[in-house]
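Read through the structure below, which is laid out as structure tokens, and then see the notes.
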Amino acid sequence: MTFSSGVFLFYFLPLFLLVYAVVPQRHRLMVISLASYVYCAWWRPGFVLPLAIVTIIGFVGGVVIDRERSHGRKGEGCLLATLIALLGLLTYFKYSVFAVDILNAVLRRTGAPPIRIADIILPVGLSFYTFKTVSYIIDVYRGASPPAANLLAFATYVAMFPQLVAGPIGRYKATSDELRSRNHSVELFYRGVLFFQIGLAGKVLVADTLGSVADQAFDSGVGGLADAWIGALAYTFQLFFDFAGYSDMAIGLGLMMGFHFPVNFNCPYRAVSVTDFWQRWHITLSTWLRDYLFLPVAYLGSRRVRDFRLFGFSQDYYVYALAALVTMSLAGLWHGAGWSFVAWGTYHGLWLVIDRFLTRKRLCRHTPRPLRVFATFLIILFGWILFRSGTLRDAGAYLRTMLALGSDPLAPLALEIRPIHLLIGALAAAWAWLAPPAHDLVPTAGPAAVFLLQLVFIISILHLHFHEHVPFLYFRF
């Protein structure tokens, strides 16, 4: 049951909003929490167990850490035990099979029999709600966030269905006040509906349409130069409108309930550097990685390395490079248990280091902005090849085709491209580079824009009726 499915749009959401509206305000957290567990169980009933376990571990850990702090102790032992429990659960579900595959590759070289492990199904949203809980625990330990007022408030924060399976990755300290008391108004609900409609249109009309082209190029072994570039461009826009569409829909659902979720995308393909890209793409993950991984690694690196200069760069530059590479490599692994994801993260880490070099040397200060945007877009596009490919070998083969290495650059187009694909591709490019983002458009939308959006919303609903439903891409991560 995704946000773009008929079950959610015509049954779950209307019923939830009706119940939420009629119950007294003091019971509305319970309604949200129960609806979130129903939403989770709809995918698979067993998925509610990891969700409940993470919630209990996080809540108990926060209570104990807060009690330790109130007695003048730091609570480091409890922090460590809680983090081990939370990340251990994530590691088991997400990385056990990957780890066993690596071990079996080593065993095969030695002639030893392989280790067998049962298939493990990754619960939807585990990566996202685990990160939400980890941020809460660390913030309570640092004194940057209040402990949860009660188990119900914390369970609602962790399981809130708009954010449950693909973010945005909210922070408890930013949500705690609204968990206690929220404003509800026609204006907020109206804005929430517009956000939801914009996200639905991006997902259904743009991402799903271009996704069929991307799937042909990546999954069917279609192989000419033109096919590879068209497939890469289609996936680049599919991924953006799929994930940004989900985020806008989640923000809209939050506003309908009186919650203000953080913006998760801000025109990322208009970035002038990879550093700028990560300040615009999946912003809640970027800030999470900065606050809870990059800064601690940089701090430890600066503490353990003496001041020095090498090739004209100081210690700070090399500490930044180390922290960026570690952070982005782990970010790639967070997205998926595979070497192609690790390579994608490391690729971005290297470009962040290069960005730092270019900034320090002021080598790009006179480069026209459109050229910097174009260069950054190409860098991101090549990175998506690693992200989309199942293996490094597949990624290498695809990249060789894109660069006309070992293939006929004049081979005729093999992809099935219809006029609708060309139209949606042009609209996607215009939307990505020229249109205002949803968080700027919604507050200023006039009657004409709202009327046009209603037409687009109707077309989106009709598209859902006549076409097969396509799950959100980030649900698999």
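The values are calculated or read from the model by the stated rules, or taken from the named source; none is laboratory data. Predicted model, so just to flag it, every value in this text is computed and none were measured. A quick note on method: Cβ atoms are made from the backbone with ideal geometry, for glycine too, and the neighbour counts reach across all protein chains shown.
Take F265 and decide whether it is at pLDDT 95 or above, touching a Ser or Thr at 6+ places or on another chain (Cβ under 7 Å) and under 22 Å from L427 (Cβ atoms).
yes
All but one of (1) at pLDDT 95 or above; (2) closer than 19 Å to R191 by Cα hold for A448; state the number of the condition that does not hold.
Exception for A448: condition (1).
Based on what the data block shows, is Y92 part of a helix (DSSP H, G or I), in contact (Cβ under 8 Å) with a residue 40 or more places away in the chain and within 22 Å of L289 (Cα to Cα)?
Criteria not met by Y92.
Right, P471: surrounded by fewer than 17 Cβ atoms within 10 Å (Cβ to Cβ) and over 30 Å from W43 (Cβ atoms) or not?
Spelling it out, it is not the case that P471 is surrounded by fewer than 17 Cβ atoms within 10 Å (Cβ to Cβ) and over 30 Å from W43 (Cβ atoms).
If you take the residues of region 1-44 that are of a type in the set (K, R) and over 26 Å from the mean Cα position of the chain (by Cα), which of them is surrounded by the most Cβ atoms within 10 Å (Cβ to Cβ)?
Let us first name the residues in region 1-44 that are of a type in the set (K, R), namely 26, 28, 44.
From what's left, over 26 Å from the mean Cα position of the chain (by Cα): 26, 28.
Working: R26: 7, R28: 18.
Here the answer is R28.
Yes or no: region 246-266 includes at least one residue that is buried (at least 23 other Cβ atoms within 10 Å of the Cβ) and over 23 Å from Y157 (Cβ atoms).
No, region 246-266 contains no residue that is buried (at least 23 other Cβ atoms within 10 Å of the Cβ) and over 23 Å from Y157 (Cβ atoms).
Go through region 398-428 and give me each residue that's exposed (fewer than 14 other Cβ atoms within 10 Å of the Cβ), in contact (Cβ under 8 Å) with a residue 40 or more places away in the chain and in contact with a helix residue (DSSP H, G or I) (Cβ under 7 Å, 6 or more places away or on another chain).
Once the filter is applied, which keeps residues that are exposed (fewer than 14 other Cβ atoms within 10 Å of the Cβ), in contact (Cβ under 8 Å) with a residue 40 or more places away in the chain and in contact with a helix residue (DSSP H, G or I) (Cβ under 7 Å, 6 or more places away or on another chain), region 398-428 yields P409, L413, E416, I420.
Which residue, of D177, D101, is without any contact (Cβ under 8 Å) to a residue 12 or more places away in the chain and under 30 Å from F16 (Cβ atoms)?
Sole residue among the options that is without any contact (Cβ under 8 Å) to a residue 12 or more places away in the chain and under 30 Å from F16 (Cβ atoms): D177.
Would you tally the residues in region 127-166 being in a helix (DSSP H, G or I) and not β-branched (V, I, T)?
Residues meeting the conditions: 21.
Please specify each residue of region 215-225 satisfying the condition of being surrounded by fewer than 24 Cβ atoms within 10 Å (Cβ to Cβ) and in a helix (DSSP H, G or I).
D215, Q216, F218, D219, L225
Filter region 380-407 down to residues that are farther than 18 Å from A226 by Cα and among the aliphatic types (A, V, I, L, M) and give me whichever is farthest from the chain's Cα centre (by Cα).
The residue in question is L392.
Give region 108-126 a look and list any residue that's part of a helix (DSSP H, G or I) and either modelled with pLDDT of 95 or more or surrounded by 14 or more Cβ atoms within 10 Å (Cβ to Cβ) (or both), or say none.
The answer is L126, and nothing else.
Collect the residues in region 276-301 that are surrounded by fewer than 20 Cβ atoms within 10 Å (Cβ to Cβ), more than 13 Å from H348 (Cα to Cα) and either of a type in the set (K, R) or in contact (Cβ under 8 Å) with a residue 60 or more places away in the chain (or both), keeping them in residue-number order.
Listed by number, the residues that qualify are R280, R290, D291, Y292.
Tell me, yes or no, whether region 48-56 has at least one residue that is of a type in the set (G, A, S) and either in contact with a helix residue (DSSP H, G or I) (Cβ under 7 Å, 6 or more places away or on another chain) or surrounded by fewer than 13 Cβ atoms within 10 Å (Cβ to Cβ) (or both).
no
Among the numbered criteria (1) free of Cβ contacts under 8 Å to residues at least 60 places away in the same chain; (2) on the phi < 0 side of the Ramachandran plot; (3) assigned to a loop (DSSP other than H, G, I, E, B); (4) not aromatic (F, W, Y), which one does G72 miss?
Here G72 clears every test but (2).
Which residues, counting only those in region 416-431, are assigned to a helix (DSSP H, G or I) and closer than 17 Å to D215 by Cα?
From region 416-431, those assigned to a helix (DSSP H, G or I) are 419-431; that's our starting set.
Result: I420, H421, L422, I424, G425.
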